[in-house]
1. At a 10 angstrom cut-off on C-beta neighbours, averaged per residue, how do the peptides 320-332, 585-597 rank from highest to lowest?
2. Check residue 266: other-chain or 5+ apart residues with amide H under 5 Å from its amide H, H built from backbone geometry?
3. Using label points projected 7 Å from each Cα along Cα→Cβ, tell me how many nm separate residue 49 and residue 474, to one decimal.
4. How much of the DSSP beta bridge set in the chain is antiparallel, as a percent to the nearest 5?
5. Hey, what do the phi angles of the stretch 540-554 turn into as Karplus ³J(HN,Hα) couplings, whole Hz, using 6.51/-1.76/1.60 and θ = phi - 60°, x for Gly and Pro?
6. Enumerate the whole-percent occupancy of each 20 Å bin, from 0 to the last occupied one, for all C-alpha pair distances of the chain.
7. First measure r as the distance between the Cβ atoms of residue 222 and residue 572, then evaluate 1/(1 + (r/R0)^6) with R0 = 30 Å and state the FRET efficiency to the nearest 0.05.
8. Report the Cα centroid-to-centroid distance between the stretch 228-302 and the stretch 5-51 in angstrom, as an integer.
Amino acid sequence: MLIAVRIWILLSVLLVSTGWILSAVHQLHRTGYLIVFALAGMVCVFWRRRNRPTLVKNPPKKLHALRHRFQRRAPLLFLAIAGFALLSGCLYPALNYDANAYRLPRVMHWLWAGQWHWIHTFDARMNISACGFEWLSAPLILFTHTDRFLFLINWVSYLMLPGLIFSVFTRLQVRPRVAWWWMWLLSSGWCFALQAGSIANDSFAAIYILAAVDLALRARETKSIADLWLSLLAAALVTGTKQTNIPLGLLWLIAVWPGMRLLWQRPIGTLLVACVGLLVSIVPTSILNVQHTGSWLPVGHAGIVRLGEFQLNPFWGIVGNSLCIPVQNLVPPFFEQLPPFYSFWLSAWNELMRHFVQTSFGAHFRSFESFGHLSGTYYHGISEGNAGLGLGICLLIFLSLREIRRQRKTAPPSAGVPRAKLLFLLRAAPWALLLLFMAKVGTFENARHLAPYYAFLLPALLVLPVQSLVVRQRQWQQLGLVVMGFTIALVIASGDRPLFPAKSLFASLRAKFPENEFISEECGRYVDGGYCVSQARRDYLQGALVPGESPVGYYALMFDVDEPGLWLPYGRRAVVCVSPDDSPAYLRSQGIKYIVVNGNVLPQQNLQNWLKEYDATVADRYIFPRPGMTIQSPDLYLIRLN
């Protein structure tokens, strides 16, 4: 496992740093990547000849031990989760909401221009967001001309998750038996399992910070400066994936502090590694944000640029997130399958939250993005875009706390935890970092943003001696296996990537039982929404435009997800983002003849005025059929500039 983690860190560093370096010299294309890969291959060959790494001793014995491990129920269930995640990623295109809204398009813009550049767009997230995942994606898109393989970034990371959790937990003085159970249980958390087959960019960063802490503690024991350098690079990578992960850098500083003297034994090497670490961290993005906007993070709500207006009060941020984060983690997985009264209470909850923020006390939480609201994808249940650890893991944590309280008196007197200030600080610091996160981040789906934090919040609880008694209980073990089994069912029944013939099944059932409420709601999940809508829109865009027409304009506001359908397969055409302030002369100066317009941007009453102002005509309309709706407005317009 450790070898795989080291290789993954080095590969990530290579791809992220290559993206920035090739952009700096305007060579972000195939030839540039091939030259870098050739040089990296030569370095690997030279290192192997010089160091002659030892091969695995007794491979048959190791293989037998691995096979024996996965014959046990918990590892076997994890293997099933990973297998179904791989299957879902292979069967379905990359249709993650945020990825299609701004993360995939920004990669396409960079590759077409041959460099990173500040994109002309209404959606500021294309420019100001951290781009660690994007630099891992760029060569895959460049060499395959598709985004179908991007899920492998998350899937490969997911395979390394249990081993890293076990290693970190045991180094933080969690007993091996307790760590063994929780490494499988945590890995079955909904945010990890559902994102393993997707292109979301929340959970894969957990590998970096777990590796950073593990390697730092390992280097302290082995006096290995190579592990310490790798730890530094892993910590830099985690900050480069999302701005919300920056506080985790403080956790790495605590872990690496006792081994700091080791870094100065080879100062030149440490300086070079530190420079590479800066390159793959959040630093380049922050510098570019300052250069173009004057602020390192010019973000208000959902990526809208509001310089100096990120006004989340720290105290009220902590208070508000104390409600929002637990609610998001405790939400049931399938809303529409619950009794009707629950749907009523869900609507009542949302209405209560809307009314609450209008009160004098609720005004403190208006800086949040939709404070306390459960809407959007929540109506169709838990998905990769809103999942936290999940109801099952939270239930196990609650039961563990209850058992600790009940069995504390029966704990062995010699089972105390040795006092070690560093390890105690590493167990306590994540909770302080959680408060820092809550004080500064008021986005709508904080539960998934916390994915890299979750593993470090549990050792403070699991280190207690009584936990050894808890995990030995047969009922607790059975419940843990049930929780993992339910995660498998959730992956199979995911509305984004169902692994059963959901569309044909529920479409035929709706035709036979049109009045059945349950079937109608399931059709809304599997037939009329989710991946079906996204795939249908993408298919339309693939065939609507004149072959070879380039560039093409794309006119949409934030949260629209159609732009990748115009780019793929990569290399066919360029796409120019159209903003409301762009003049007709500007569009024509870009060589644009056709513009794909989202129907929400130009509703029917404003369309005629826009066509007259820009001297344009409607070449085509696209309407996705919605059963039960008599009046349907176009989802997309294909507009031709005269």
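1. Values: 320-332: 18.5, 585-597: 16.8.
Averaged packing, sorted descending, gives the order 320-332, 585-597.
2. none
3. About 6.2 nm, to one decimal.
4. On the way: 11 of 18 bridges.
Percentage antiparallel, nearest 5: 60.
5. 4, 5, 5, x, 7, 8, 5, x, x, 6, 7, x, 10, x, 9
6. 17, 52, 28, 4, 0
7. Working: r = 51 Å, r/R0 = 1.71.
For R0 = 30 Å, the calculated efficiency reads 0.05.
8. For the stretch 228-302 versus the stretch 5-51, the Cα centre distance is 19 Å.
Taken together, the values in this text are just the output of simple stated rules run on the coordinates, not laboratory data. Values in this document were obtained by computation on a predicted structure and should not be read as measured data. Neighbour counts are summed over all protein chains in view; Cβ atoms, including those assigned to glycine, are modelled from backbone coordinates with ideal geometry.
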